[in-house]
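Remarks on the structure that follows.
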Amino acid sequence: MRNIILIILISLNYINSYGQNEIKTFEPSSQYSPDLSIKTKNEIDRQTELLVKDSLTKKEKIELDALVHKYGEVVESVWDVVDGGCSWYCGGGNYKVSASSELKTQKKNKYIAKSANDLSYKTAWVEGKEDSGIGEFIEFSFQNKSPRITSIIISNGYMKSDNTWKNNNRVKLLKLYVNGEIFGILKLTDTKTDQTFKLGTFGHNKDESDLVLKFEILEIYKGEKYDDTAITEIYFDGIDVH
């Protein structure tokens, strides 16, 4: 009887230990599909043109009012991930970004780590390994005094155009490390969207060290033409700014 009880206790301890060591998987709490069409680009460019003119005709005033009503006054470019108005980035943001590898520049297109950190839908970080980039990573460092993070937003794939998005690999699973420790796995959908993950609050480490967030590629959605994995942007939102 004692042996049976002992076996049961050992089994329960094993199950509990296994459960505690299991890496959690997180799905996006929301998704946003930016409008990067030529029509929208031309309209925003036209709005910007009208806003800087010294004087407008009656027809131009009517045109500008319609565009501002549609897009808002702070939009400056269709490629802007964050509008020109005040945001968390007024006081927050990382001071360094690095990657394990980067695809070489091609026809003036740069695929460096900073391309996933420039708040632009026009550029992307693309890993530089010969294969699909499993195990490659991008890392962001924040000063301890930087405003804390409550949302991680990932613009999945190379979103500059429908062709660049389809032709290149997109991320399916990212392993997130917080200050060197595995936090969990982010499961992204295969959609040309900004995918928001709300995982708690990060920053203001008790030992006053930098906050370091590392994103490692675990699994991908295959592109139609190239075996290169791209991330357009990883950006953040949070508190302690307003």
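Values as computed for the structure displayed
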read-out	value
Boolean, ILE149 is under 16 Å from LYS192 (Cβ atoms), in contact with a Phe, Trp or Tyr (Cβ under 8 Å, 6 or more places away or on another chain) and aliphatic (A, V, I, L, M)	no
Residue under evaluation LEU186, criteria (1) crowded, with 19+ Cβ neighbours inside 10 Å; (2) within 27 Å of ILE38 (Cβ to Cβ), criterion not met	(2)
Filter result for THR40 (under 30 Å from GLY157 (Cα atoms), in a helix (DSSP H, G or I) and at pLDDT below 95)	no
Matching residues in region 109-123 - criterion: being closer than 11 Å to LYS160 by Cβ, part of a strand (DSSP E or B) and without any contact (Cβ under 8 Å) to a residue 60 or more places away in the chain	ASN109
Within region 201-225, considering residues that are in contact with a Phe, Trp or Tyr (Cβ under 8 Å, 6 or more places away or on another chain) and of a type in the set (D, E, K, R), the one surrounded by the fewest Cβ atoms within 10 Å (Cβ to Cβ)	ASP210
Single residue of region 105-136 satisfying the filter (surrounded by fewer than 19 Cβ atoms within 10 Å (Cβ to Cβ) and hydrophobic (A, V, I, L, M, F, W, C)) that is farthest from LEU199 (Cα to Cα)	ILE134
The lone exception for VAL78 - which of (1) in the same structural domain as ASP190 (by TED's automatic domain parsing); (2) touching a Phe, Trp or Tyr at 6+ places or on another chain (Cβ under 8 Å); (3) assigned to a loop (DSSP other than H, G, I, E, B); (4) farther than 23 Å from LYS187 by Cα it fails	(1)
Residue check, ASN169 touching a residue at least 40 places away in the same chain (Cβ under 8 Å), over 15 Å from the mean Cα position of the chain (by Cα) and surrounded by 15 or more Cβ atoms within 10 Å (Cβ to Cβ)	yes
Some residue of region 58-72 being modelled with pLDDT of 95 or more, assigned to a loop (DSSP other than H, G, I, E, B) and loosely packed, with under 12 Cβ neighbours inside 10 Å	no
Test result for GLU102, surrounded by 11 or more Cβ atoms within 10 Å (Cβ to Cβ), free of Cβ contacts under 8 Å to residues at least 40 places away in the same chain and outside the structural domain of SER141 (by TED's automatic domain parsing)	no
Failed criterion for ASP54 (all others in (1) over 30 Å from GLN195 (Cβ atoms); (2) at pLDDT 95 or above; (3) of a type in the set (Asp, Glu) hold)	(2)
Options LYS160, LYS198; residue that is touching a residue at least 12 places away in the same chain (Cβ under 8 Å), of a type in the set (D, E, K, R), surrounded by 17 or more Cβ atoms within 10 Å (Cβ to Cβ) and in the same structural domain as ASN117 (by TED's automatic domain parsing)	LYS160
Search result, residues across region 148-169 that are hydrophobic (A, V, I, L, M, F, W, C) and either closer than 13 Å to VAL126 by Cα or part of a loop (DSSP other than H, G, I, E, B) (or both)	MET159, TRP165
Listing of strands (runs of 3 or more DSSP E) fully contained in region 191-242 that carry 3 or more residues being in contact with a helix residue (DSSP H, G or I) (Cβ under 9 Å, 6 or more places away or on another chain)	230-238
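The values are calculated or read from the model by the stated rules, or taken from the named source; none is laboratory data. Small disclaimer: the values here were computed from a predicted structure and weren't measured. We place every Cβ from the backbone using ideal geometry, glycine too, and count neighbours over all the protein chains shown.
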